[in-house]
1. Which of the peptides 44-55, 71-82 is most tightly packed, and how do the rest follow, going by the mean number of other Cβ atoms within 10 Å of each residue?
2. Quantify, in whole percent, the carbon and sulfur part of the accessible surface of the stretch 1-110 (1.4 Å probe; protein heavy atoms only).
3. For the pair R72 and A40, what calculated FRET efficiency results from E = 1/(1 + (r/R0)^6), where r is the Cβ-Cβ distance and R0 = 22 Å, to the nearest 0.05?
4. Which one, G54, H30, A83, projects farthest toward the positive side of the charge dipole computed for the stretch 1-113 from Cβ point charges (K/R +1, D/E -1)?
5. Per 10 Å bin from zero, what fraction in whole % of the C-alpha pairs of the stretch 27-138 is there, up to the bin with the longest pair?
6. State in Å² the accessible area per residue of the chain; use a 1.4 Å probe, count heavy atoms of protein chains only, and round to the nearest integer.
7. In nm, to one decimal, how far is the modelled label at H30 from the one at F143, with both set 7 Å along Cα→Cβ?
8. For the stretch 128-168, what % of the accessible area comes from carbon and sulfur atoms, probe 1.4 Å?
Amino acid sequence: MEKSNIVLIGFMGTGKTSVGKVLSERLGWHFANTDDEIEARQGVTISEMFATIGEAGFRQVESEVIRASLERTNQIVATGGGAVLSEQNRRVMQEKGYVVALTADAKTIIDRVSQDQNRPLVQGNVEERVHTLLEVRKHAYDFADLQIDTSAMTLEEIADKIIANWNN
């Protein structure tokens with residue numbers, strides 16, 4: 001059965017948004033970033049949501065947005081790094097899409113996210129937070145149909161690998 005969406009999951013800084021845009025262009029599909037959709041829907045940034053309603057409140061909104069996003073077809077959906085922590089999110093991703101987990105080594109992630117102030121989970125000591133979260137989430141992405149380490153690959157190489165493996 002052909003999956004009608006490609007869902008990109010993975011830790012922050014692994015390239016979900018960048019790869020998603022390349023795939024969207026290649027396939028002529030709509031690109032949806034669930035974090036962007038959450039911010040548009042709520043009218044505030046994710047950092048502001050964490051500050052006002054906490055991570056649990058944010059995760060509830062995130063689940064609603066993921067479910068709604070995956071009701072559409074022919075799209076690339078890039079999820080937030082922690083979206084996979086919810087069993088209900090994992091289930092809907094598997095039912096509605098071909099799930100691709102993007103990974104990267106800790107050094108690459110730290111290099112990519114260290115200057116981004118819009119990541120509430122890595123405020124403070126970025127290196128320590130990344131290592132801690134990577135350890136906590138080390139098996140969170142195992143349910144994916146495909147896993148790709150993006151540490152030393154170009155966006156085009158990653159997109160090529162996803163397309164080559166999709167529905168095979």
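The values are calculated or read from the model by the stated rules, or taken from the named source; none is laboratory data. Bear in mind the structure is a predicted one, so any value in this text is a computation, not a measurement. Note that each Cβ is placed from the backbone with ideal geometry, even for glycine, and that neighbours are counted across all protein chains shown. When the accessible area is computed, the model is the full protein with side chains, heavy atoms only, and any ligands, DNA or RNA have been set aside. Shrake-Rupley method; radii C 1.70, N 1.55, O 1.52, S 1.80 Å.
1. Top to bottom by mean Cβ count within 10 Å: 71-82, 44-55.
2. C and S atoms contribute 48 percent here.
3. Efficiency computed from Cβ-Cβ geometry: 0.90.
4. Farthest towards the positive pole: H30.
5. Reading the bins upward from 0: 12, 42, 37, 8.
6. Roughly 49 Å² per residue, with all protein chains present.
7. Placing both labels 7 Å along Cα→Cβ, they lie 2.4 nm apart.
8. Its accessible area is 51 percent carbon and sulfur atoms.
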